[in-house]
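Structure in structure tokens, see below.
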Amino acid sequence: MTVRLTGAEALALRMTSLLLRPHPTARPESVAAVVEWFGAMQAQDAASGLWSLGARLPGRTQDDVRAALERREALRTWPMRGTVHLVPPRDARWMLAVTGVRALSGVAGRWAQLGLTETDANRAADVLGEALAGGGRLTRAECLAALGAAGLDTGGQRGYHLLWYASQRGVTCIAPHVGTEQTFALLDEWAPDPRRPERDEALGVLAHRYVRGHGPVTRHELARWTGLTVTDATRGITVAGDALAPVEVDGVPAVVDAALLDAPRAPVDDVHTLPGFDEYLLGYRDRTLMLDPAHANAVVPGNNGIFQATVVRGGRTVGIWKRTVGKRAVTVTVRQLTPFDAALRARVESSLARYADFLGLPLRLTW
């Protein structure tokens with residue numbers, strides 16, 4: 001039986017799926033559990049990735065999250081759409097194999113422009129594999145130096161593409177920062193016991209985790225999130241079976257985690273201050289439930305792919321914020337997209353104070 005939902009009801013369920021409201025059946029309480037809940041979390045900006053986790057783990061600090069990443073509760077790599085995500089370490093290899101193939105197939109034109117060949121890329125992967133063997137960990141600059149010493153040209157964007165390819169091949173992964181430096185390690189050493197599902201099972205896992213962490217969603221949104229075809233997305237939903245339930249959102253067919261059908265669907269007047277690169281917006285093809293199209297340019301100026309941090313009330317984007325982290329304080333400037341009254345200002349300030357606590361710094365707030 002298909003449950004019919006209004007947009008407001010669907011938004012309430014989405015906020016629960018996103019772990020921004022209490023879930024009726026699940027309470028992920030560690031970095032590992034949150035990342036596995038989603039399957040993959042946007043993490044192209046490392047600081048945003050840390051706060052995406054912190055926002056869903058009340059009481060944890062940035063140091064707590066960093067320590068969890070050092071314990072290898074999650075790692076960063078490029079599994080989908082050529083974009084960096086946090087993923088469960090044991091799932092990294094099969095996710096790269098299932099979703100990365102389309103990213104690899106689409107680089108030939110760009111490589112031709114850069115003067116890169118497949119021979120260059122495979123040589124780079126071999127060089128990095130040798131340089132990192134035995135538990136080594138190198139910064140981005142050290143990786144590029146190793147490639148240069150092997151006679152590979154890393155100028156322009158060539159260095160980035162060679163590092164990306166080594167991770168797509170499953171040779172390397174992105175390890176936690178050392179200071180402000182991105183580092184790399186061998187995937188086999190950071191995830192020595194990988195899961196190895198068959199392709200159909202893998203599609204089902206991807207579908208279940210995406211819907212569980214974002215639903216209600218359409219199969220087209222699953223295809224967009226994974227970078228797979230709509231045919232593969234449809235197959236994944238089929239394989240996931242009874243774990244997912246059919247719904248209609250304002251007449252549009254969608255699916256939701258079956259466990260959510262008993263969750264409250266009433267609007268909730270909650271307030272969140274989320275990082276720009278968060279699953280809250282980036283996890284969707286159609287963002288109109290959460291973002292008024294009139295405000296889209298403020299959140300993604302010029303549609304350039306750089307998302308601003310958001311102020312969210314009742315699941316809707318009502319403002320954006322920018323932060324400057326100093327040694328003695330974090331300075332935050334808020335821009336209202338809809339008018340804030342005094343009560344809402346106080347709630348936003350309280351939410352941002354939690355972010356400052358996460359960083360372990362006093363908050364300086366300007367409007």
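Normalised by the number of residues in the chain, what is the relative contact order in percent for Cα pairs under 8 Å and 6+ residues apart? Write out the running numbers ahead of the final one.
Working: 628 pairs, mean separation 74.5, N = 367.
Relative contact order of the chain: 20 percent.
Please report the spacing between the Cα centers of the stretch 309-367 and the stretch 102-168 in Å, no decimals.
39
Follow-up question, since we're still on this one. Would you mind telling me which residue in THR229, THR238, THR324 has the biggest mean-square fluctuation in a Gaussian network model of the chain, where springs connect alpha carbons within a distance under 10 angstrom?
Residue with maximal mean-square fluctuation among THR229, THR238, THR324: THR324.
Taking only protein heavy atoms into account and a 1.4 Å probe, give the accessible area per residue of the stretch 247-306 in Å². Numbers along the way, then the final one.
Values: 2690 Å² over 60 residues.
Dividing the accessible area of the stretch 247-306 by its residue count gives 45 Å².
Taking just the alpha-carbon atoms of the stretch 9-61, what radius of gyration and Dmax come out, in angstrom?
Taking only Cα atoms of the stretch 9-61, I get Rg and Dmax of 11.2, 32 Å.
Taking every pair of alpha-carbon atoms in the stretch 262-352, give the share separated by more than 17 Å as a whole percent.
Here the long-distance tail beyond 17 Å is 50 percent of all Cα pairs in the stretch 262-352.
With angles folded into 0 to 90 degrees, how steeply does helix 199-214 sit against the dominant principal axis of the chain? Use alpha carbons for both and round to 10.
The angle comes out at about 40 degrees.
Could you give me the radius of gyration and the Dmax of the chain, taking only the C-alpha atoms into account and expressing both in angstrom?
Final numbers for Rg and Dmax: 20.8, 62 Å.
Here's a follow-up. How many percent of the accessible area of the chain is carbon or sulfur, using a 1.4 Å probe?
Details: 8070 of 15830 Å².
The nonpolar share, carbon plus sulfur, comes to 51 percent.
Ok, one more. Where nothing but the Cβ of Lys and Arg (+1) and of Asp and Glu (-1) is charged, how large is the charge dipole of the chain around its Cα centre, in debye to the nearest 20? Let's see the in-between values first.
On the way: 42 positive and 38 negative charges, 148 e Å.
Computed charge dipole of the chain: roughly 700 debye.
How high is the relative contact order of the stretch 233-367, given as a whole-number percent (alpha carbon pairs under 8 Å, six or more residues apart)? Before the final figure, lay out the partial values.
On the way: 168 pairs, mean separation 24.1, N = 135.
Averaging sequence separation for qualifying contacts and normalising by length gives 18 percent for the stretch 233-367.
While we're here: Using a Gaussian network model on the chain with a 10 Å cutoff between Cα atoms, which of LEU128, LEU57, LEU104 fluctuates the most?
Answer for the Gaussian network model of the chain: LEU104.
Next question, about the same structure. Relative contact order for the stretch 148-227: what is it in percent, counting Cα pairs under 8 Å that are at least 6 residues apart? Write down the numbers at each step before the final one.
Details: 35 pairs, mean separation 10.8, N = 80.
Relative contact order, the stretch 148-227: 14 percent.
Using only the Cα atoms of the stretch 36-142, construct the convex hull and provide its projected area averaged over every direction, in square nanometres to one decimal.
Values: hull surface 32.3 nm².
Result: a mean projected hull area of 8.1 nm².
So, one more: Taking Cα atoms, how many degrees apart are the long axis of helix 342-359 and the longest axis of the chain, rounded to 10 and kept between 0 and 90?
The helix 342-359 is inclined about 30 degrees to the chain.
Still on this structure, I have one more. Indicate, rounded to the nearest 5 percent, the antiparallel portion of the DSSP beta bridges found entirely in the chain. Before the final figure, lay out the partial values.
Values: 37 of 44 bridges.
For the chain, the DSSP antiparallel bridge percentage is about 85.
Using the Cα centre of the stretch 211-367 as origin and beta-carbon charges of +1 (Lys, Arg) and -1 (Asp, Glu), tell me which of PHE277, THR324, GLN308 is placed farthest towards the positive end of the dipole.
Comparing the listed Cα positions along the dipole, THR324 ranks first.
Which percent, to the nearest 5, of DSSP beta bridges fully inside the stretch 298-367 are antiparallel? Before the final figure, lay out the partial values.
Working: 12 of 16 bridges.
That works out to approximately 75 percent antiparallel.
If you don't mind, there's one more thing I want to ask. GNM on the chain, C-alpha springs below 10 Å: top fluctuator among LEU281, LEU187, LEU344?
LEU344
Can I ask one more? Output the 0 to 90 degree angle, nearest 10, between the alpha-carbon long axis of helix 118-132 and the longest principal axis computed from the alpha carbons of the chain.
With both axes taken from Cα atoms, the answer is about 90 degrees.
Then there's this: Averaged over every viewing direction, what's the projected area of the C-alpha convex hull for the stretch 251-301? Give it in nm², one decimal, please. Working shown, then result.
On the way: hull surface 20.6 nm².
Reported value for the Cα convex hull: 5.2 nm².
A follow-up question, please. Over the stretch 9-58, give the accessible area per residue in Å² for a 1.4 Å probe, as an integer. Before the final figure, lay out the partial values.
On the way: 1350 Å² over 50 residues.
On a per-residue basis, the stretch 9-58 sits at 27 Å².
Kirkwood hydrodynamic radius for the stretch 277-325: how many Å is it when counted over pairs of different Cα atoms?
Numbers: mean 1/r = 0.0900 Å⁻¹.
Every distinct Cα pair counted, the radius reaches 11.1 Å.
Between THR324 and ALA149, what is the spin-label point distance in nm, taking each point 7 Å from the Cα along the Cα→C-beta axis?
Here the modelled spin labels are 3.9 nm apart.
The values are calculated or read from the model by the stated rules, or taken from the named source; none is laboratory data. Predicted model only: the values in this text are computed from it and were never measured. Using ideal geometry, Cβ is built from the backbone for each residue, glycine included, and neighbour counts are taken over all protein chains shown. We work out accessible area using only protein heavy atoms, side chains counted, and drop any ligands, DNA or RNA first. Shrake-Rupley method; radii C 1.70, N 1.55, O 1.52, S 1.80 Å.
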